Amino acid sequence: MKRLFALMLAAAMLLAMAACGAGEASAPAAEEAASAASAEAPASAAEESAAIPGLEDGVFTIAMECAYAPYNWTQTDDANGAVPIKDSSDFANGYDIMIAKKLCEANGWELEVIRSDWDSLVPSVQTGTIDAAIAGQSMTAERAEQVDFAGPYFYATIVCLTKADSPYAEAKAIADLSGGSCTAQLATIWYDTCLPQIEGANIQPAAETAPAMLMALESGQVDFVCTDMPTAQGAVAAYPDLKILDFSGTDGDFQFSEEERAENVNIGISVQKGNTALVEALNAVLSKMTADDFNSLMAEAIKIQPVGE
């Protein structure tokens, strides 16, 4: 009887030890499973931003002229969704601001806007002073050698502007502009590539800014200027005595190969060379927008731009 009791006691002890061992083994297994689950969990927006060069602080710093309506302009208050300009009491608004706000909203970034001269935009991107230039820049091959581009974020048409009572107001092709004096903004495809295609054109020195270009036309210094459709539409809204000359879709239009047109007419966001993560983050938002979306936003920008722009 004692032997039977001893055997029963020993068996009970073995079962207890086995149960205890199983419990001890389950803890590391549970921790390992939890660790694996954590590793598979998607990164938060903040974590993803921290992995993008320049966005570690969650602030998306961009630059623009703030003087290139309807893409961007300066105003004195935050009306119509304008945002503060850094180190200034002024506010920035326009199509570029509308796009920038959508990019920030989608990525959980804070937007910071810096006012910059046109010819300082690319150098600022190159040095990392800003994260991106959102400033109505054409995605030219020359610029693409210096910066990377996200986008396009607008598909533009190149046109000319003249006075409604000008001898060139009824021009049907660029050939009809021969003999006229003209200009365009400095360091743009309009000045460097388009105006030289007009045989016999009297090309004047480039204008430093878009407003200076329009003032040259308004004041009679030139007979016509070359620009893109949104700039022209904004100009006509501000100066009703101007007329848009649109030769697109005709044999008399400015000539580009399909590759050149994609590079020179489409508008993109420039970022520092090699910042693939930022390009991908921006394109993830822009790729979901259609040409109609872009045109709708641009129409709104033209509608709300200050009359003096």
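The values are calculated or read from the model by the stated rules, or taken from the named source; none is laboratory data. Computed from a prediction, not measured in an experiment: that's the story for all the values here. A quick note on method: Cβ atoms are made from the backbone with ideal geometry, for glycine too, and the neighbour counts reach across all protein chains shown.
Being hydroxyl-bearing (S, T, Y), assigned to a strand (DSSP E or B), assigned by TED's automatic domain parsing to the domain that holds D292 and farther than 25 Å from L278 by Cα is the requirement here; does T162 meet it?
no
Can you tell me which of (1) under 19 Å from A206 (Cβ atoms); (2) in a helix (DSSP H, G or I) is the one A135 doesn't meet?
So A135 meets the others, but not (2).
Being part of a helix (DSSP H, G or I) and surrounded by fewer than 24 Cβ atoms within 10 Å (Cβ to Cβ) is the requirement here; does Q126 meet it?
Spelling it out, Q126 is indeed part of a helix (DSSP H, G or I) and surrounded by fewer than 24 Cβ atoms within 10 Å (Cβ to Cβ).
Residues that are small (G, A, S) and in contact with a helix residue (DSSP H, G or I) (Cβ under 8 Å, 6 or more places away or on another chain): does the stretch 122-132 have at least one?
Looking for residues that are small (G, A, S) and in contact with a helix residue (DSSP H, G or I) (Cβ under 8 Å, 6 or more places away or on another chain), one finds at least one in the stretch 122-132, hence yes.
Got a sec? Which of Q185, Q204 is of a type in the set (S, T, N, Q), surrounded by 19 or more Cβ atoms within 10 Å (Cβ to Cβ) and within 23 Å of A67 (Cα to Cα)?
Residue meeting the stated conditions: Q185.
May I ask you to say which residue of T227, T231, T209, T250 is under 19 Å from S138 (Cβ atoms), surrounded by fewer than 19 Cβ atoms within 10 Å (Cβ to Cβ) and touching a residue at least 40 places away in the same chain (Cβ under 8 Å)?
After applying the criteria, what remains is T209.
Hand me the list of helices (runs of 4 or more DSSP H) wholly inside the stretch 225-299 holding 1 or more residues that are modelled with pLDDT of 95 or more.
229-238, 276-286
The rows are residues; the columns are (1) within 13 Å of M64 (Cα to Cα); (2) surrounded by 15 or more Cβ atoms within 10 Å (Cβ to Cβ).
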{"position": "I97", "(1), (2)": "yes, yes"}
{"position": "G108", "(1), (2)": "no, no"}
{"position": "D117", "(1), (2)": "yes, no"}
{"position": "A135", "(1), (2)": "yes, yes"}
{"position": "A141", "(1), (2)": "no, no"}
{"position": "P152", "(1), (2)": "no, yes"}
{"position": "A156", "(1), (2)": "no, yes"}
{"position": "D165", "(1), (2)": "no, no"}
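Being in the same structural domain as K273 (by TED's automatic domain parsing), in contact with a helix residue (DSSP H, G or I) (Cβ under 7 Å, 6 or more places away or on another chain) and either touching a residue at least 12 places away in the same chain (Cβ under 8 Å) or at negative phi (or both): is that true of A100 here?
Criteria not met by A100.
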